[in-house]
Amino acid sequence: MPLDHLHFQGLRNLPAVTWQPGAHVNLIFGDNGSGKTSLLEGLHILGMGRSFRTRQLKHAITHDQDALTLFGRLTGDPALPLGVERRRDSDGLSVRVAGEKIDRIAELARHLPMQLINPDAFRLIEGAPAARREFLDWGVFYVYPDFFDVWRRVRRSLKHRNALLRHDRIDEQSLALWSRELARWSDRLDAMRNDWMAHFSGVFSATLAELIDLPDLSLRYYRGWDRNRPLEEILLEGVATDRQMKFTQQGPQRADIRLRMGRYPAAEVLSRGQQKLVVSAMKLAQGRLLEQKDRHRCLYLIDDLAAELDEQHRRAFCRLLEQMNCQTFLTGIEPASLEGHWHVDTDVKRFHVKQGRLANMPTAR
Ligand SMILES: Nc1ncnc2c1ncn2[C@@H]1O[C@H](COP(=O)(O)OP(=O)(O)OP(=O)(O)O)[C@@H](O)[C@H]1O
Ligand SMILES: [Mg+2]
């Protein structure tokens with residue numbers, strides 16, 4: 001479901017802003033420092049409960065304001081209002097869905113799946129496995145209803161096992177119990193991740209081929225422990241090393257998606273633009289798979305599309321987005337960087353932001 005009404009207050013350099021985005025493509029233009037990324041950041045906080053720019057949400061609150069308040073309405077019958085608030089004088093985020101206060105961000109995220117593609121996209125390839133694990137679990141979360149519960153159980157058993165490993169005198173019985181518990185839930189988590197990956201791989205390859213010609217690029221799921229041995233056995237045998245290191249060495253907390261170009265790690269050989277296109281294909285494939293598996297449509301935040309991409313690849317990217325029929329917010333400095341890529345029948349709405357003030361722009365045809 002698309003968002004049809006938004007109201008942001010106390011966000012970065014933006015004065016209170018109310019806007020009615022279009023259901024399909026929304027283009028946001030403006031000079032450096034005008035507030036384009038801040039608008040996308042507001043949407044990200046509204047859907048995910050966190051920013052992609054800072055770990056501390058208080059930094060997103062306008063300097064002289066007491067709070068950041070974001071409101072969005074998802075179309076539907078009935079429409080679904082979503083709201084988040086972060087006050088400067090308290091730590092937590094207060095979240096409301098349909099007027100009801102909720103405790104878990106996961107409940108908010110379930111209503112508004114979103115993917116961000118920005119100039120940091122290459123980090124998904126070059127960075128630590130944690131980002132790829134998050135990418136993987138994003139997909140699994142929306143497709144398997146019991147993912148969140150299983151993931152919480154894995155995290156809980158891991159926490160208990162690691163706490164026991166840090167003790168000087170080990171409680172063997174408790175350690176065996178938590179190792180068994182960890183292995184049991186890890187197998188469940190691995191089965192979901194593995195199954196998701198099997199579906200995802202095909203959608204990804206097709207999407208990548210529509211964006212860029214990289215036939216040697218492959219993705220492989222690594223579950224975090226030896227493919228041929230049960231985790232319980234590994235945990236029992238590895239107690240001595242785990243005790244030395246004071247934490248559990250193997251398990252789903254080490255899972256990863258490994259990207260290769262033929263024989264080489266993709267991070268070592270791909271150019272920046274190629275990396276952005278591979279990450280874009282991964283993120284667009286997430287949305288495509290979600291469309292196939294679930295009635296949800298993914299919302300896309302594309303910050304500075306033109307960065308690193310030439311005209312031909314920008315065009316291919318926009319064509320894919322347009323075919324997916326999902327709500328999209330794209331930013332650019334120059335209108336020319338995003339114009340001319342859309343089919344005449346595509347619903348494109350244009351906005352201009354100047355020193356934090358947002359205005360509708362006339363249709364460019
Ligand atoms: N907490 C804050 N309070 C007030 N202003 C802020 C705050 N944090 C950042 N700013 C300002 O907000 C402005 C908008 O930043 P933003 O990153 O959204 O711009 P942008 O349009 O994306 O620019 P660019 O094209 O350079 O990416 C900047 O001028 C920045 O200094
Ligand atoms: Mg920006």
Matching residues in the range 303-328 - criterion: being at positive phi and within 16 Å of ligand 2 (Cβ to nearest atom) | 304, 308
Every listed condition ((1) over 21 Å from residue 187 (Cβ atoms); (2) part of a helix (DSSP H, G or I); (3) open to solvent by 20 Å² or more (accessible area, probe 1.4 Å)) holds for residue 116 save (2)
So which of 186, 179 is in contact with a Lys or Arg (Cβ under 8 Å, 6 or more places away or on another chain), in a helix (DSSP H, G or I) and either open to solvent by less than 50 Å² (accessible area, probe 1.4 Å) or acidic (Asp, Glu) (or both)?
-> 179
Of the residues in the range 14-33, how many are away from ligand 2 (no atom under 16 Å from the Cβ) and either in a loop (DSSP other than H, G, I, E, B) or outside the structural domain of residue 328 (by TED's automatic domain parsing) (or both)?
-> 7
Looking for whichever is under 30 Å from residue 77 (Cα atoms) and either open to solvent by 30 Å² or more (accessible area, probe 1.4 Å) or among the basic types (Lys, Arg) (or both) here; the options are 5, 44. Which one fits?
-> 5
For residue 151, all conditions in the list (1) under 26 Å from residue 319 (Cβ atoms); (2) open to solvent by 70 Å² or more (accessible area, probe 1.4 Å); (3) of a type in the set (A, V, I, L, M, F, W, C) hold save one; what is the number of the exception?
-> (1)
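A quick yes/no check of all residues on (1) more than 16 Å from ligand 2 (Cβ to nearest atom); (2) over 29 Å from residue 323 (Cα atoms); (3) touching a Leu at 6+ places or on another chain (Cβ under 8 Å):
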{"residue": "10", "(1), (2), (3)": "yes, yes, yes"}
{"residue": "37", "(1), (2), (3)": "no, no, no"}
{"residue": "46", "(1), (2), (3)": "yes, no, yes"}
{"residue": "55", "(1), (2), (3)": "yes, yes, no"}
{"residue": "59", "(1), (2), (3)": "no, yes, no"}
Quick one: residue 244 ticks every box in (1) more than 18 Å from the chain's Cα centre (by Cα); (2) in contact (Cβ under 8 Å) with a residue 40 or more places away in the chain except a single one, so which number is it?
-> (2)
Of all residues in the range 330-341 being open to solvent by less than 30 Å² (accessible area, probe 1.4 Å), touching a strand residue (DSSP E or B) at 6+ places or on another chain (Cβ under 9 Å) and more than 12 Å from ligand 1 (Cβ to nearest atom), which is modelled with the lowest pLDDT?
-> 338
Here is a list of conditions, (1) in contact (Cβ under 8 Å) with a residue 60 or more places away in the chain; (2) buried (at least 21 other Cβ atoms within 10 Å of the Cβ); (3) among the β-branched types (Val, Ile, Thr), and residue 75 meets all of them except one; can you say which number that is?
-> (2)
For the subset of the range 296-318 comprising residues that are open to solvent by 70 Å² or more (accessible area, probe 1.4 Å) and over 19 Å from residue 48 (Cα atoms), which member is nearest to ligand 1 (Cβ to nearest atom)?
-> 308
Looking only at the range 56-63, decide whether some residue is outside any loop (DSSP other than H, G, I, E, B), open to solvent by 60 Å² or more (accessible area, probe 1.4 Å) and either without any contact (Cβ under 8 Å) to a residue 40 or more places away in the chain or under 24 Å from residue 137 (Cα atoms) (or both).
-> yes
Any residue at all in the range 347-362 that is over 25 Å from residue 17 (Cβ atoms) and either among the aliphatic types (A, V, I, L, M) or out of contact with any Cys (no Cβ under 7 Å at 6 or more places or on another chain) (or both)?
-> no
Exactly one of 237, 210, 233, 181 is within 19 Å of residue 283 (Cβ to Cβ) and acidic (Asp, Glu), and that one is 210
Could you grab me the full set of residues in the range 119-147 that are under 20 Å from residue 45 (Cβ atoms), part of a helix (DSSP H, G or I) and open to solvent by 40 Å² or more (accessible area, probe 1.4 Å)?
-> 123, 131, 134
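The values are calculated or read from the model by the stated rules, or taken from the named source; none is laboratory data. Just so it is clear, the structure is predicted and the values come from calculations on it, not from any experiment. All Cβ positions, even for glycine, are placed from backbone atoms using ideal geometry, and neighbour counts span all protein chains on display. Surface areas here come from the heavy atoms of the whole protein model, side chains and all, with no ligands, DNA or RNA. Shrake-Rupley method; radii C 1.70, N 1.55, O 1.52, S 1.80 Å.
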